[in-house]
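Trainee: Just passing along the structure, written as structure tokens.
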């Protein structure tokens, strides 16, 4: 006979109490383990999603709102990389427009006119290509996406391009069907099309805006193969222009140019009752070695003749001002005609000829395609003749400082620069908006450090845990009150307080340990049910496609240990209270 | 030898203090068998509790073999030197008779030696309850329970056996048998017995009878 037998006999005798204790512990463990496993599952699912949406890519080179020449893909550095032309678009399905990501790719051998979609999009379209050998025909609607950033002044947003396509296959997750660059948990709806075809439709021939490499590319290595030309920054001699038309202010500041040019479409150049409507005017810091300051203007002989002004006269110039992204105001300034210059001299200067899409590439003013409120009735035959002959040649040059604040925007503060030397070599990739990202690390970090569902569900289940602990304490307390005489007998027979406490703890611990272990199973079940609810009933709240059950033995052990510690603290509290009360 | 010198014990009774033991002195020689009688509420159980080290005296000195109890390890004293038999037996219902008998053994050690188990069986044999070894105590009669309680008090071979109204809940036949057993324990095991009783018949088996009155002991026979 030994103490272990006494403990066992006591546990059996008082089993009616211990059954309730076990129930409380199982309930507590269910919530505790369930919450921790939920956290594991959310983290695990999100981590899986990172792999799904990145495929095998370890490095992403993104160009932001800019584009990059596909020539960079010829570099040996890009041996394991894929260049994409990625744009947002809409897929029409029986009158419904489904927002999709359109990936123009050279991989996957997507022929002209065909497309591959990912499984979530196939599900959305209720498309089973395995059952339909003919595939599915649809139309892709693409927004305006020229080299000039959408939203720039003079660039219309009304461009929308349509691309007919024949969906021939579904790309599964393992093949990178769920590629997604955004750190989102919803499954993307992807359409993969031939890059050249997409580029052609969007007038972005030879351009890409995303590179995904299976190698970890360092920015320094990429900088070795990158040139400003690849990002559409053209440096010829000591001049600099860009495909984006507007040169961003940080580049202007960095290059510290000798001269700045800013071409702009003004509404009117006015002298008394004479008006020249809708003219291109270029703001310059200097032209042909002669600086323009204050409110000085060089007027073309063409405009001078129409306005009947001579050197030394003053004219007014009105123009639209767009400080709040196309919410237009009209402003007027008066300029002093510093000199009259021959129009041919202006025509000869290519830096003055800025080509705005929708304006420069049409034969007639009335064909201008712009969001600006242009009153075509004010355009007369002589204006059309000028446009036909000289297009965007400015009719006047004005001092840069006089208008740069009005004309400049977040898109840029110049349309051409004259540099002291080949200053463009100082430009870096980041100046051109090219970013090198190692998304897996960031994505996994975000997945692991997002909303902590363990804490969230522990907080939600706190009152259940508290109730379970209180239930356990009350039952134990009631039992020890019933056994007050027994505890007294132990003391009379020479048992020390330590002995008595030890026996009671061991007696209860056996039950607690077994119940805590059993409680793990309903805990996993609890998390499974909650995950199902999160993915189905509460999917609107989580904005996800559901979660898969993930749990590690370490998490289960941690919850088990936490549960045991909580129970032991409660148990010790009750036992000590009873012993202190002189039981 | 147990010695109580000028033991005083007071209890708060509402707003007034009641002196239950008032400078009481008592010497119990080794091998003695004494009975203490008295009216209900006279302080018999209080005196026995002080002797059992379950209650502290407010004043006075209590020594066992000349050593003040206050300086001793009380758990050891209760376990090794003193055996107690309560009026209500205080057997633990979850255990069998022999398990109850062996409870004091397991206070000092986790495992009960086989020899001690044998001794428990011998004691039970001696008390005439050997057959009840594995019987749950809940089903025993009052007399059987008292015998189990006596065995439990004797298992560690204590110097003194303290008994508080051991026959208080028994009929006369059982009381007589228990009285005989106490005599047997005293004469054959030479165990000192201090018995508190209100029964004159039970007190008559003791060598010396004291009456507790007004907080003091008087020798009656």
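Trainee: If a residue counts only when it is within 23 Å of residue B:78 (Cβ to Cβ) and either within 14 Å of chain B (Cβ to nearest Cβ) or touching a residue at least 40 places away in the same chain (Cβ under 8 Å) (or both), which helices (runs of 4 or more DSSP H) contained entirely in segment A:442-519 have at least 3 such residues?
Mentor: The qualifying helices (runs of 4 or more DSSP H) are A:484-492.
Trainee: I've got another one for you. Give the residue that is nearest to residue B:196 (Cα to Cα), with candidates limited to residues of segment B:67-85 that are in contact (Cβ under 8 Å) with a residue 60 or more places away in the chain and facing chain A (nearest Cβ under 8 Å).
Mentor: B:84
Trainee: Another question about this same structure. State whether the residues of segment A:1-21 include one that is buried (at least 17 other Cβ atoms within 10 Å of the Cβ), within 30 Å of residue B:119 (Cβ to Cβ) and modelled with pLDDT under 85.
Mentor: Within segment A:1-21, one or more residues are buried (at least 17 other Cβ atoms within 10 Å of the Cβ), within 30 Å of residue B:119 (Cβ to Cβ) and modelled with pLDDT under 85.
Trainee: Which condition breaks for residue B:141 when tested against (1) out of contact with any strand residue (DSSP E or B) (no Cβ under 8 Å at 6 or more places or on another chain); (2) within 8 Å of chain A (Cβ to nearest Cβ)?
Mentor: Among (1) out of contact with any strand residue (DSSP E or B) (no Cβ under 8 Å at 6 or more places or on another chain); (2) within 8 Å of chain A (Cβ to nearest Cβ), residue B:141 violates only (2).
Trainee: Let me ask you something else. Please verify whether segment A:322-332 includes one or more residues that are over 22 Å from residue A:236 (Cβ atoms), modelled with pLDDT of 90 or more, in contact with a helix residue (DSSP H, G or I) (Cβ under 9 Å, 6 or more places away or on another chain) and in a loop (DSSP other than H, G, I, E, B).
Mentor: no
Trainee: Conditions first: (1) at pLDDT 90 or above; (2) more than 21 Å from the chain's Cα centre (by Cα). Residue A:210 passes all but one, so which condition is the exception?
Mentor: Every listed condition holds for residue A:210 apart from (2).
Trainee: Looking at segment A:302-329, which of its residues are loosely packed, with under 12 Cβ neighbours inside 10 Å and in contact with a strand residue (DSSP E or B) (Cβ under 6 Å, 6 or more places away or on another chain)?
Mentor: Within segment A:302-329, A:308, A:329 meet the criteria.
Trainee: Residue under question is residue A:516, and the condition is that it be modelled with pLDDT of 90 or more, under 30 Å from residue A:234 (Cα atoms) and surrounded by 14 or more Cβ atoms within 10 Å (Cβ to Cβ); does it hold?
Mentor: no
Trainee: Right, another one. Would you mention how many residues in segment B:104-119 are in a loop (DSSP other than H, G, I, E, B) and either within 9 Å of chain A (Cβ to nearest Cβ) or under 22 Å from the mean Cα position of the chain (by Cα) (or both)?
Mentor: 5
Trainee: Within segment A:548-583, can you find the residues that are more than 15 Å from residue A:508 (Cβ to Cβ) and assigned to a helix (DSSP H, G or I)?
Mentor: Answer for segment A:548-583, where residues must be more than 15 Å from residue A:508 (Cβ to Cβ) and assigned to a helix (DSSP H, G or I): A:553, A:554, A:555, A:556, A:557, A:558, A:559, A:560, A:561, A:562, A:580.
Trainee: Just one of A:436, A:398 is touching a helix residue (DSSP H, G or I) at 6+ places or on another chain (Cβ under 6 Å) and not in a helix (DSSP H, G or I); which is it?
Mentor: Exactly one of A:436, A:398 is touching a helix residue (DSSP H, G or I) at 6+ places or on another chain (Cβ under 6 Å) and not in a helix (DSSP H, G or I), namely A:436.
Trainee: For segment B:89-98, state whether one or more residues are in a strand (DSSP E or B) and within 14 Å of the chain's Cα centre (by Cα).
Mentor: No; the residues of segment B:89-98 include none that is in a strand (DSSP E or B) and within 14 Å of the chain's Cα centre (by Cα).
Trainee: For segment A:63-80, which positions are surrounded by fewer than 20 Cβ atoms within 10 Å (Cβ to Cβ) and not in a helix (DSSP H, G or I)?
Mentor: Listed by number, the residues that qualify are A:64, A:65, A:69, A:75, A:79, A:80.
Trainee: Determine, yes or no, whether residue B:88 is within 30 Å of residue B:214 (Cα to Cα) and away from every other protein chain (no Cβ under 14 Å).
Mentor: For residue B:88, the condition - within 30 Å of residue B:214 (Cα to Cα) and away from every other protein chain (no Cβ under 14 Å) - is not met.
Trainee: Let me ask another. Give the residues of segment B:29-61 that are in a strand (DSSP E or B) and crowded, with 19+ Cβ neighbours inside 10 Å, sorted by residue number.
Mentor: B:33, B:34, B:35, B:36, B:37
Residue by residue, here is whether (1) under 30 Å from residue A:221 (Cα atoms); (2) in contact (Cβ under 8 Å) with a residue 60 or more places away in the chain; (3) within 14 Å of chain B (Cβ to nearest Cβ) holds:
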residue	(1), (2), (3)
A:2	no, no, yes
A:5	no, no, yes
A:16	no, no, yes
A:31	no, yes, no
A:45	no, yes, no
A:58	yes, yes, no
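The values are calculated or read from the model by the stated rules, or taken from the named source; none is laboratory data. Everything quoted here is computed from the prediction, not taken from an experiment. A quick note on method: Cβ atoms are made from the backbone with ideal geometry, for glycine too, and the neighbour counts reach across all protein chains shown.
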